[in-house]
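Shown next, in structure tokens, is the structure this report addresses.
The values are calculated or read from the model by the stated rules, or taken from the named source; none is laboratory data. Every value quoted in this text rests on a predicted model; they were computed, and no experiment measured them. When we count neighbours, we look across all protein chains shown, and the Cβ atoms used for this are built from the backbone with ideal geometry, even at glycine. For the accessible areas, the whole protein counts, side chains as well, though only heavy atoms, and no ligand, DNA or RNA atoms are used. Shrake-Rupley method; radii C 1.70, N 1.55, O 1.52, S 1.80 Å.
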Amino acid sequence: MTVSRIAPWLVLVPLLGCQGFSKLDYSTLGRAMWQRPDDVIAVLALQPGDRVADLGAGEGYFVSYLAAAVPEGRVYAVEVDPERIATLEERFGGDGDNVEVVSAEFANPKLPDGAVDLVLIVNTYHHIGEREAYFRDLRRDLSPRGRVAILEPNPDHGGLLGLFMPSGHGTSRADLDAELATAGYTHSESHDLLPLQQFEVYTPVP
């Protein structure tokens with residue numbers, strides 16, 4: 001590795017408090033330090049009986065945090081990848097668990113109609129195809145107070161931060177707003193918590 005590749009990282013470490021988000025493995029510097037899951041959950045202000053979906057749950061990073069926040073509710077861990085589904089079932093398949101693993105389709109999250117109070121989407125939005133149609137259909141799964149919270153890399157980050165963002169793995173705020181507006185949502189909240197992810201919340205237009 002050349003000095004020119006090392007130098008930006010050495011600068012970012014003190015600036016971000018080791019909150020690394022990069023072409024390196026997400027776990028390289030400890031994901032909790034840059035993802036700040038406790039703060040994300042706190043800002044979402046979930047109620048104990050809420051029903052929430054982690055859309056694109058992966059191996060379940062946020063699922064355990066969500067499950068703890070809604071002990072009387074339900075967490076839908078939504079995934080399309082068979083290997084990750086198997087991991088989720090192994091982790092969260094115990095008796096008494098308030099997590100339901102959902103084996104979804106690319107065009108259908110297979111969530112219960114009218115039942116979901118929050119859909120959380122972390123680093124997954126840009127992987128969804130036909131997004132306007134997808135989110136238009138997702139509206140039927142939301143409860144009357146349902147929200148969609150999106151944590152997504154922002155390709156508009158400039159300077160040194162841009163060096164650590166994988167190419168093509170992000171969506172601009174302008175595109176988020178435009179696509180979700182077309183799907184029938186309005187922007188309701190913006191949270192400046194995370195160093196390399198935007199944190200935006202949308203609600204369906206009545």
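Okay, here's what the table says:
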| item | result |
| --- | --- |
| Where labels lie 7 Å past Cα in the beta-carbon direction, separation of residue 43 and residue 140 in nm | 3.2 nm |
| Placed amide H near residue 198: partners under 5 Å, 5+ positions off or other chain | 152, 154 |
| Net charge contributed by nearby residues that have their C-beta within less than 13 Å of residue 130 (K/R +1, D/E -1) | -2 |
| Proximal charge balance of residue 117 [Cβ under 10 Å; K/R count +1, D/E count -1] | +3 |
| Neighbourhood charge, 10 Å Cβ-Cβ cut-off, centred on residue 152 and excluding it, Lys, Arg +1 and Asp, Glu -1 | -1 |
| Point-to-point label distance, residue 107-residue 31, nm (Cα→Cβ direction, 7 Å offset) | 3.0 nm |
| Nonlocal amide H pairs with residue 101, under 5 Å, H built at 1.01 Å | 77 |
| Length gained when the stretch residue 172-residue 89 is fully extended (0.36 nm per residue, less Cα-Cα span) | 26.6 nm |
| Segment 32-138 - percent of accessible surface contributed by carbon and sulfur, probe 1.4 Å | 44 percent |
| ³J(HN,Hα) computed for each position of segment 175-182 - Karplus, 6.51 cos²θ - 1.76 cosθ + 1.60, integer Hz, glycine/proline x | 5, 4, 4, 5, 5, 6, 5, 5 |
| Cα→Cβ-extended label distance, 7 Å offset, between residue 130 and residue 192, nm | 3.9 nm |
| Whether segment 72-119 is rounded, prolate or oblate, judged on the alpha carbon gyration tensor where a/c under 1.5 counts as rounded | oblate |
| Sequence-distant residues sharing a close amide H with residue 74 (under 5 Å, placed H) | 51, 52 |
